[in-house]
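Chemist: To start, I am sharing the structure in question, which I have written as structure tokens.
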């Protein structure tokens, strides 16, 4: 089982795969991106080791991608929201990557009572 902050962030991302509103921090986004890249290397390697994608392994590979792709899209959309852009900007390849590197947008806090 994954332990620590990265593990909690990965589980949080997987649990919120249907949440396209809100924000994802840089840490959450890049933790997920590293996991997703690792999975993109490991999962197909399983098929290469057995030299076939037939049977149960093929179902496992296909099913794992159906689980990971919606979470990847959701975290990318939330990251675009965090930098102050609409979520569909992640579809623009180089610009979306550039924005994912930007720091979070700090929203001004509303004035307290009596402050003007």
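Chemist: Rounded to the nearest 0.05, what FRET efficiency do residue 63 and residue 105 have when you use their Cβ-Cβ distance and R0 = 35 Å?
Modeler: 0.45
Chemist: I've got another one for you. Would you work out the relative contact order for the range 7-100, in percent, from Cα pairs under 8 angstrom that are 6 or more residues apart?
Modeler: 37 percent
The numbers here are math on the coordinates, done by the rules we state, and not lab data. Keep in mind that this is a model prediction, so the values were computed, not measured. Note that we place each Cβ from the backbone using ideal geometry, even for glycine, and neighbour counts take in every protein chain shown.
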